[in-house]
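The values are calculated or read from the model by the stated rules, or taken from the named source; none is laboratory data. Here the structure is a predicted model, which means the values were calculated and not measured. Because the Cβ atoms are built from the backbone with ideal geometry, glycine has one as well, and the counts that use them run over all protein chains shown. Areas reflect the complete protein model, heavy atoms only, side chains present, ligands, DNA and RNA absent. Shrake-Rupley method; radii C 1.70, N 1.55, O 1.52, S 1.80 Å.
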Amino acid sequence: MIHQYKLSGYSIVLDIGSGSVHAVSDLAYDAIALLDSGMSSAQTEDELLPKYTKTGASHEEIRECLSEIEELIDEGKLFSDSDYEPLADELKERSRGIVKALCLHIAHTCNLNCSYCFASQGNYKGKRELMSFETGKRALDFLIENSGSRRNLEVDFFGGEPLMNFEVMKQLVAYARSIEDEHGKNFRFTLTTNGILIDDGVIDFANREMSNVVLSLDGRREVHDRFRIDMKGRGSWDRIVPKFQKMVEARADKEYYMRGTFTHLNTDFVKDIETMLELGFTELSLEPVVCDKDDPLALSEEDKAIVLQQYEELAELMIKRRREGRPFTFYHYMIDLDEGPCIYKRISGCGAGTEYMAVTPSGDLFPCHQFVGEENFKLGDIWQGVVNTALQNEFATCNVYARPECADCWAKFYCSGGCAANAFHASGSILGSYEYGCDIFRKRIECAIMLEVSRFEDEEAQE
Amino acid sequence: MKNIKTLNNKTLCESAKNGGCGECQTSCGIANQQCENKDN
């Protein structure tokens, strides 16, 4: 299977089976399309002759192009086979029972009252509560006990607003650091925060212990303050932006990213990206809102064309700023074509419900943070472990080959079958698909690869 | 090649040889990840 597209003046051919990315001339682009339609090499040559001899190409040049294509086919980098399905089961068996990442919900409460919050303003449709140190400690022990030979363990401090339980967070990090060497583990902590409680103590602690921090900001003040309000209905932008700026400056070269949400009311989200850049932030992410499709904030079918166009505009902005020496990153456009994930990872997905789980303040286990509060998705708890093995087995089958809709999709080895929570909310099944999200994902990958082609071409031009 | 420039050298098939160690970060995107296996 191949995928061809033109974007920002570049002609690109992706070979899905091998993962090869080719930047091609117009002649090669047309030749590959004809071969893909079932034409022989000779028929393709005959078809191309009238069009390209008009533009000054010689018969010899057309033959040379076809011979380049043949060479790539012989190398397995074009029209290649891609039967990796046996690897999906192999990996599942190899990692059965292994847990390597926990999302610790240390606070099911929040000091903001954001109307679009997927977590129901932080309490996940349940009671407001904070995780105790004892429960958190047991969660870390559970992780170590079930991590097998995995060395790198991840713990995300999540909520609600995790800084509302900052003392316990500090105690848990200290506990993890005190036991990681004896178990041969390396804990990587992350923090997701709305920023209200950031102070010098939080900044020092986060810069020392957090491998990454996720800072919630929606962009323009009026966009952010429309939803991200406190209990008195006041916007939070003016309070958090200076704190975020101070934190980001203090982090120097440590990782962070701004994480915003866009809705039906701001489909022109590139303006929000531009606002973040003006504020001095350069590691950016803006995500479509997660909500019921009947919600007034949900992206509509009419919005889709606008959103896809915005992603292209964003890519153009990134090229422009890179060439000006003012680059920034957009998380969905970060792609490493040479050192990216192996095929096992690409077909097995995010690991929700198997190697990654969410822990509630009372110690219950759920497949991921987006399933917390859905009682049917409770896997067990940190004392007994996973008791709902039937549910876990269902999540274990969540791979790129589990969804018939993915079979003919060119992006399947980039998305791995998509998000189980999105699929569940869109179709009622974790093995369903969320077509709207698929369209957005495919556009983002097209843009991400085009940006790599753009960088590659610019570097070649300078040599 | 005059008409085609290939941006990446390693194919997905080659990535299977030392793949599947499970040490890479969990994701919530696969494409954005980096392999953390020094042998791969």
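Of note:
- Only one entry of A:Thr275, A:Thr263, A:Thr267, A:Thr329 meets the criterion of being hydroxyl-bearing (Ser, Thr, Tyr), more than 23 Å from A:Gly417 (Cα to Cα), open to solvent by less than 50 Å² (accessible area, probe 1.4 Å) and more than 21 Å from the chain's Cα centre (by Cα), and that entry is A:Thr275.
- The lone criterion from (1) under 20 Å from B:Thr26 (Cβ atoms); (2) surrounded by 20 or more Cβ atoms within 10 Å (Cβ to Cβ); (3) of a type outside the set (S, T, N, Q); (4) within 23 Å of the chain's Cα centre (by Cα) left unmet by A:Gly122 is number (1).
- A:Ala305 falls short on exactly one of the conditions (1) out of contact with any strand residue (DSSP E or B) (no Cβ under 6 Å at 6 or more places or on another chain); (2) over 14 Å from A:Tyr436 (Cβ atoms); (3) not acidic (Asp, Glu), and that condition is (2).
- A:Ala420 open to solvent by less than 30 Å² (accessible area, probe 1.4 Å), small (Gly, Ala, Ser) and in contact with a strand residue (DSSP E or B) (Cβ under 6 Å, 6 or more places away or on another chain): yes
Per-residue answers, yes or no, for (1) touching a Cys at 6+ places or on another chain (Cβ under 6 Å); (2) more than 20 Å from A:Thr109 (Cβ to Cβ); (3) at pLDDT 95 or above:
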| residue | (1), (2), (3) |
| --- | --- |
| A:Asn207 | no, yes, no |
| A:Met210 | no, yes, yes |
| A:Arg220 | no, yes, yes |
| A:Arg234 | no, no, no |
| A:Arg239 | no, no, no |
| A:Pro242 | no, yes, yes |
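- Any hit, segment A:16-30, residues being buried (at least 17 other Cβ atoms within 10 Å of the Cβ), modelled with pLDDT of 95 or more and of a type in the set (Phe, Trp, Tyr): yes
- Each residue in segment A:120-151 was checked for being at pLDDT below 90 and within 14 Å of chain B (Cβ to nearest Cβ), and 2 of them qualify.
- So A:Glu45, is it away from every other protein chain (no Cβ under 12 Å) and surrounded by fewer than 16 Cβ atoms within 10 Å (Cβ to Cβ): no
- Near pairs, Cβ below 6 angstrom, 6+ apart or cross-chain, from segment A:61-72 (at the interface with chain B (Cβ under 7 Å from one of its Cβ atoms) and farther than 16 Å from A:Met39 by Cβ) to any residue that is at pLDDT 95 or above and surrounded by 15 or more Cβ atoms within 10 Å (Cβ to Cβ): A:Glu68/B:Ile4; A:Leu72/A:Leu78
- Tabulated pairs, segment A:123-145, first at positive phi, second open to solvent by 20 Å² or more (accessible area, probe 1.4 Å), C-beta under 6 angstrom, 6+ apart or interchain: A:Tyr124/A:Gly373; A:Lys125/A:Gly373
- Candidate set from segment B:11-25 (those that are out of contact with any Asp or Glu (no Cβ under 6 Å at 6 or more places or on another chain), at the interface with chain A (Cβ under 7 Å from one of its Cβ atoms) and in a loop (DSSP other than H, G, I, E, B)); member that is modelled with the lowest pLDDT: B:Gln25
- Single residue of segment A:423-438 satisfying the filter (outside any loop (DSSP other than H, G, I, E, B) and either over 22 Å from A:Glu287 (Cα atoms) or aromatic (Phe, Trp, Tyr) (or both)) that is least open to solvent (accessible area, probe 1.4 Å): A:Tyr436
- Unique match (being loosely packed, with under 15 Cβ neighbours inside 10 Å and on the phi > 0 side of the Ramachandran plot) among A:Gly201, A:Gly184: A:Gly184
- Evaluation of A:Phe441 against (1) in contact with a Lys or Arg (Cβ under 9 Å, 6 or more places away or on another chain); (2) closer than 30 Å to A:Ile306 by Cβ; (3) open to solvent by 30 Å² or more (accessible area, probe 1.4 Å); (4) aromatic (Phe, Trp, Tyr) (one fails), failing number: (1)
- Selection of segment A:207-234 for residues being touching a helix residue (DSSP H, G or I) at 6+ places or on another chain (Cβ under 7 Å) and more than 15 Å from A:Asp272 (Cβ to Cβ) yields A:Asn207, A:Glu209, A:Val213.
- Residue within segment A:373-389 that is among the aliphatic types (A, V, I, L, M), within 14 Å of chain B (Cβ to nearest Cβ) and either over 26 Å from A:Gly136 (Cα atoms) or touching a strand residue (DSSP E or B) at 6+ places or on another chain (Cβ under 6 Å) (or both) present: no
- Pairs where the first residue, in segment A:73-93, is under 19 Å from A:Ala33 (Cα atoms) and the second is assigned to a helix (DSSP H, G or I), C-beta under 6 Å, 6+ apart: A:Leu78/A:Leu72; A:Phe79/A:Ile73
- Candidate set: segment A:14-27, residues that are more than 8 Å from every other protein chain (Cβ to nearest Cβ) and not in a loop (DSSP other than H, G, I, E, B); chosen: the one nearest to A:Thr55 (Cα to Cα): A:Asp26
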